[in-house]
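Data block below; observations after.
The values are calculated or read from the model by the stated rules, or taken from the named source; none is laboratory data. All values derive from a computational prediction rather than experimental measurement. Counting neighbours? That spans all protein chains shown, and the Cβs are built from the backbone with ideal geometry, glycine included.
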Amino acid sequence: MRALRRQYSGYVHRLLWVGVVIALVLSPGAAQEAPVDPGQKAVLEMQEKYPGLLEEFGHLAEAIQRDVQTPEPRSQSHLLPLLPDSTVFYLAIPNYGDASHQVLTIFRTGLKESRVLHDWWQQGEMAARGPKIENSLEEFYRFSQFLGNEIVVSASVEGKKDPDFLILAEVQKPGLKVFLQQTAREYAKDLGTVRVLDAQELATAKESAAEKMVILVRPDIVLAAEHLSALRSFQDRLEHPGRGLATTPFGQRIRQAYDAGTNIVAAGDIHTILGQIPRDAAPNQALFQRSGFADMKYGVWEYRKVPGQPATQMEMSFTGPRHGIASWLAAPVPLGSLDFVSPKPAMAFTLVLKDPALIYDELKEFATVSNPNAFVGLEQMEQATKLSLKEDLLRLLGGEVTLELDKIQPPDIAWRAILKVKDPDHLQATVNALLAGSPATPRETERDGITYHALRFPSRDKVMEMAYAFVDGYFVIASSSEALEESIQLHRSGGSLAKSAKFQASIPPGHSAEASAFFFQDAQAMRMLYLRRLLPQMADSIPQASDDFPPSVAWAYGEDSAIRQFGNSGGSSASAALIVAAIAIPNLVRARNSANEASAVGMVRTIVTAQISYEASYPMRGFARTLAVLGPDPSGANSYTPAHAGMIDNTLGNPACIAGAWCEKSNFVFTMQAACKMARCTDFVVVATPVSPSTGTRNFCATSDGVVRFQLGPPVTAPLTVAGCRSWEPLQ
């Protein structure tokens, strides 16, 4: 066992090294136009420049997993009773301040003890970014020390069109107001205008459109909102207690999560939320009602760190018996298809649906309401093949289907599909009819009373193979004859996943192996596969995953008026979360920033086009002096004048977008200056810059020559001259 754990630690070393490097090195600001995948390039460069960094990150990961203490589950909430009875959304998370500080302490110890880690942190780009990262974590820890053990985010409607959002926590010690005011000033550029008030100041404060957030600091509670009215309403509730969230059925359902002990709970009063959405189109409203989802009541997701219990639990409840699409997930049944699955699959998924033929009828009914010709193409195909999708396929199936991905190392990829069958003979006739017009070469063999069907499909690169057989009421399809034979042997010998100890141990307490859906994943193997594809140059240094840790498993149960899901996160959930976050978050940030930048470039080009049109329309004036001149008349008139040309929308063409002003759109701010002689403007420069470094890494500009140019770096803070813009690099 210890040997296996040491082996596993080696895998974590490699995984975390890759993840942290990608997270810290490839965040916004890294090269954007690399000819190869930037993740691969950065990892290989870091490996060459800092030999041994891999092992050092492994040591850090090991220490974090061993020494960091995360918050214990909470059995009650002091904040839940304070919320109004109109609350429709509730999210409660623990105060992770101590845990984050433990991680930072471990990292700093590593910097002192490891020369290579210290060099990496003190050189290059990290020399500038590292202290900022450490300072941010220290500030977060300082902030957390003012707060209680729980932070709650809520939303309430109270008859309003838009919900009021609140963030609140208990206050543990004095000094929070001063701390928040200092932080708001320090991070004003990133956070926008944030006002921090006490109860006395709240009473006389006035609304400001420029504010992004308002924070009320009381001796016992701190809460943040978008508007003063939400804070005043909450303050009034504290002074005049009345009916609150805890007294409502929704609040009582949330309280059940605390009774069982919870780390994180998220809940939504879906029925009330749906009631706030206007449904102007009667046909759409009728379709939504018939779908069954209009009857959704609550959605609740929980995470708890309790030994012997599922890590996550989800519930979707309905106001009455499930119907329509919401009822397609069948009631729990024995999952016999899992008897054909390998005991150690890379991934397996089982779904039990109600009668497929009935689902087909309902789907056809839904589709043809909005499009009477939706199934015309299918009907023509059925006439050509003389086969009926419903009668010759769906009516023959039982609704239970399992998909398995077994071996995942290319080129040896093996898969299986197992379907419950009501009429094997009729289904075989359907398969024969479909194969009659295909280029497949069929071959049949019989062994031990089972007919094995092998199909070979010619292709340009290689001959593809597939095999199938009907066994004990199941239609078993596999990627090869060998995979099919192995599946049937597992079924007969009792060596399948369904008979394994891991499967039995994963069954949620209070439930059985009869279920409506089941998901199994060897998370370690899947991450190894992903990393091999991400970094093929390092494939030889990424070994196979260990069998010593539990898989990721999820179970779903379809009840009369609810759907419940239970799951665990598999072995080493902490390292898995770090790896996923480290790899995914930078990529998501870059994807978001790319979208922001693409939108900004498009807007710059729109403004240039508008300027060219303006000059042609008003030659005596030349180019427009400001963005406001290119915009529509603020009075709403549909007339177009030299003062309000109506050539761009009012987001950037509003009266506030005058010379020198910065106007925001899609996480960028824009400004335009004109070069004028007397009454006529002969040139102009438009500039687009990110709202903050987190929303983009390039600044853009353009002049009357129509060329969009860019400059990498932090957001610019002052308008450019025409000459300054033309010194930037043209955008390709």
(request) Determine, yes or no, whether Val196 is within 30 Å of Thr272 (Cα to Cα) and either assigned to a loop (DSSP other than H, G, I, E, B) or at pLDDT 85 or above (or both). (result) no
(request) Being over 16 Å from Val471 (Cβ atoms), modelled with pLDDT of 95 or more and outside any loop (DSSP other than H, G, I, E, B) is the filter here, so list the residues in region 330-348 that pass it. (result) Val333
(request) Considering each of Thr689, Thr641 in turn, give the residue that is among the polar types (S, T, N, Q) and under 26 Å from Tyr187 (Cα atoms). (result) Thr689
(message) Tell me the residue from Thr385, Thr402, Thr368 that is of a type in the set (Val, Ile, Thr), out of contact with any strand residue (DSSP E or B) (no Cβ under 9 Å at 6 or more places or on another chain) and touching a residue at least 12 places away in the same chain (Cβ under 8 Å), please.
(response) Thr385
(request) Restrict the check to region 624-635 and report whether at least one residue is assigned to a loop (DSSP other than H, G, I, E, B) and at positive phi. (result) no
(message) Against the definition (at pLDDT below 90 and over 43 Å from the mean Cα position of the chain (by Cα)), how does Thr445 come out, yes or no?
(response) no
(request) Please determine, by comparing only the residues of region 57-93 that are polar (S, T, N, Q) and surrounded by fewer than 17 Cβ atoms within 10 Å (Cβ to Cβ), which one is modelled with the lowest pLDDT. (result) Gln65
(message) With the requirement that a residue be closer than 21 Å to Val669 by Cβ and surrounded by fewer than 20 Cβ atoms within 10 Å (Cβ to Cβ), what does region 609-624 give you?
(response) Thr609
(request) Select the helices (runs of 4 or more DSSP H) contained entirely in region 72-161, then report the ones holding at least 3 residues which are of a type in the set (Lys, Arg). (result) 124-144
(message) Of all residues being within 30 Å of Glu482 (Cα to Cα) and of a type in the set (Gly, Ala, Ser) in region 291-344, which is surrounded by the most Cβ atoms within 10 Å (Cβ to Cβ)? Just the residue, please.
(response) Ser337
(message) Filter region 360-419 down to the residues that are part of a loop (DSSP other than H, G, I, E, B), surrounded by fewer than 18 Cβ atoms within 10 Å (Cβ to Cβ), at pLDDT 85 or above and at negative phi and list them by number.
(response) Leu387, Ser388
(message) Quick test of your reading of the structure: Gly124 fulfils all but one of (1) at positive phi; (2) of a type in the set (Gly, Ala, Ser); (3) buried (at least 19 other Cβ atoms within 10 Å of the Cβ). Name the failing condition by number.
(response) (3)
(message) Take Gln256 and tell me if it is in the same structural domain as Gly148 (by TED's automatic domain parsing) and either assigned to a helix (DSSP H, G or I) or of a type in the set (Asp, Glu) (or both).
(response) no
(request) State whether the residues of region 630-653 include one that is of a type in the set (Ser, Thr, Tyr) and modelled with pLDDT of 90 or more. (result) yes
(request) Specify the residue that is farthest from Met678 (Cα to Cα); the eligible residues are those in region 625-642 that are surrounded by fewer than 13 Cβ atoms within 10 Å (Cβ to Cβ) and either touching an Asp or Glu at 6+ places or on another chain (Cβ under 9 Å) or outside the structural domain of Ala659 (by TED's automatic domain parsing) (or both). (result) Ser639
(message) Let me confirm something: among Thr697, Thr703, which residue is buried (at least 19 other Cβ atoms within 10 Å of the Cβ) and out of contact with any Cys (no Cβ under 9 Å at 6 or more places or on another chain)?
(response) Thr697
(message) Condition first: hydrophobic (A, V, I, L, M, F, W, C), within 22 Å of Arg218 (Cα to Cα) and in contact with a Gly (Cβ under 7 Å, 6 or more places away or on another chain). Can you find one or more residues in region 114-132 that meet it?
(response) no
